[in-house]
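Peer 1: Sending over a structure as structure tokens; questions will come in a sec.
The values are calculated or read from the model by the stated rules, or taken from the named source; none is laboratory data. Please read these numbers as outputs of a predicted model, since none were measured by experiment. Backbone-built Cβ (ideal geometry, glycine too); neighbour counts: all protein chains shown.
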Amino acid sequence: MSQSIKIANSTATAENSRCYLLKLPTEIQLQIYELALVKERPLLLNYPCNSSYRGRPQARIDDEQKWRDGEIQAPEQPALTLTCHFLRETTLPIFYGKNVFRAAYCYTDSNRVRSPIAWLRRIGPRNREMLRHFYFYDLNHTQDITHPQTLQRLKDSEVFRELGGRMETLSSEYCSAHLVTFGEQKGKAKGTPAASEPGVPRLRMEEEVQEAPRIIYRRMRQRSPGSLLTSLNGYTG
């Protein structure tokens with residue numbers, strides 16, 4: 001049953017409960033839900049890589065401490081998705097399907113990936129399958145060339161061994177980015193993937209400094225054996 005039909009079928013319930021939100025036309029309801037649930041910037045699942053703090057060393061120290069103290073945490077389901085069964089069924093696909101979720105994987109300490117793995121487990125298989133823009137990301141566009149062991153450690157993690165993730169590498173001169181999907185998703189997300197947009201604005205936090213000289217990226221690719229994207233793309237755990 002489509003989302004629009006579900007919303008339309010709520011009219012009788014809305015009349016009885018005097019829920020004015022559910023009396024609105026379907027198109028208006030969906031616009032309200034997207035405005036309430038979808039963010040312009042990525043939702044972070046762990047502490048970003050050092051490359052995200054270029055020129056901001058104190059911000060890196062402060063943010064790392066906030067993550068350790070729990071002042072910054074991976075996103076929970078918004079209150080709107082918890083109001084009633086009907087709204088939950090309608091809004092969770094919007095929250096998980098339209099937001100960009102971003103996790104760092106660059107650290108030599110494998111414990112850094114524990115947070116996104118715990119988050120993926122916590123939301124459960126049904127919600128994991130709704131994810132359309134879940135990325136392991138590093139602002140450093142040469143990360144996978146200069147530190148291939150960190151990517152291999154990610155590939156060997158429970159994300160693929162246990163949770164059934166599938167990886168598509170979309171790295172470019174702007175960043176290192178690996179799109180991960182779960183379950184038997186029918187087709188890809190509509191529109192250009194976030195990692196394929198010029199400057200990757202939906203993958204970057206506003207304060208992150210973009211420094212990705214294309215000439216350096218080309219030279220790094222020429223030095224590496226074979227094609228970077230060919231060697232990394234299409235991984236399935």
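Peer 1: Can we say ARG132 is part of a loop (DSSP other than H, G, I, E, B) and either modelled with pLDDT under 95 or closer than 17 Å to PRO42 by Cα (or both)?
Peer 2: In short, yes.
Peer 1: Run VAL209 past the list (1) closer than 18 Å to ARG54 by Cα; (2) modelled with pLDDT of 75 or more; (3) of a type outside the set (S, T, N, Q) and report the number of the one that doesn't hold.
Peer 2: Tallying (1) closer than 18 Å to ARG54 by Cα; (2) modelled with pLDDT of 75 or more; (3) of a type outside the set (S, T, N, Q), VAL209 fails exactly one: (2).
Peer 1: Now for a separate question. Within segment 51-66, work out how many residues are buried (at least 16 other Cβ atoms within 10 Å of the Cβ) and either in contact with a Gly (Cβ under 7 Å, 6 or more places away or on another chain) or not basic (Lys, Arg) (or both).
Peer 2: The total comes to 4.
Peer 1: Pairs only if they're at least six apart or on different chains, beta carbon under 9 angstrom, first in segment 100-123 and within 21 Å of CYS175 (Cα to Cα) and not assigned by TED's automatic domain parsing to the domain that holds VAL159, second at pLDDT 95 or above and surrounded by 23 or more Cβ atoms within 10 Å (Cβ to Cβ); list them, first residue then second.
Peer 2: Within 9 Å, no pair qualifies.
Peer 1: Please work out which residue is nearest to GLY183 (Cα to Cα), limiting yourself to segment 108-135 and to residues that are crowded, with 17+ Cβ neighbours inside 10 Å and hydroxyl-bearing (Ser, Thr, Tyr).
Peer 2: TYR135
Peer 1: In segment 184-206, which residues are under 26 Å from ARG128 (Cβ atoms), modelled with pLDDT of 85 or more and in a loop (DSSP other than H, G, I, E, B)?
Peer 2: Residues satisfying the conditions are PRO193, GLU197, VAL200, PRO201, ARG202, LEU203, ARG204, MET205.
Peer 1: Okay, next question. Go over the candidates LEU92, LEU151 one by one and state the one that is part of a helix (DSSP H, G or I), over 21 Å from GLN73 (Cβ atoms) and of a type in the set (A, V, I, L, M, F, W, C).
Peer 2: One residue alone meets the criteria, LEU151.
Peer 1: Looking at segment 48-77, which of its residues are under 28 Å from TYR33 (Cα atoms) and touching a Leu at 6+ places or on another chain (Cβ under 6 Å)?
Peer 2: Matches in segment 48-77: ALA74, PRO75.
Peer 1: Moving on. In segment 135-148, how many are acidic (Asp, Glu) and assigned to a helix (DSSP H, G or I)?
Peer 2: Here the count works out to 1.
Peer 1: Considering only segment 54-73, how many residues are in a loop (DSSP other than H, G, I, E, B) and over 16 Å from PRO116 (Cα atoms)?
Peer 2: 4
Peer 1: Please count how many residues of segment 168-183 are surrounded by fewer than 22 Cβ atoms within 10 Å (Cβ to Cβ) and in a strand (DSSP E or B).
Peer 2: So the answer is 3.
Peer 1: Follow-up. Please work out which one of (1) buried (at least 16 other Cβ atoms within 10 Å of the Cβ); (2) touching a Phe, Trp or Tyr at 6+ places or on another chain (Cβ under 8 Å); (3) modelled with pLDDT under 95; (4) among the β-branched types (Val, Ile, Thr) is the condition ILE7 fails and give its number.
Peer 2: (2)
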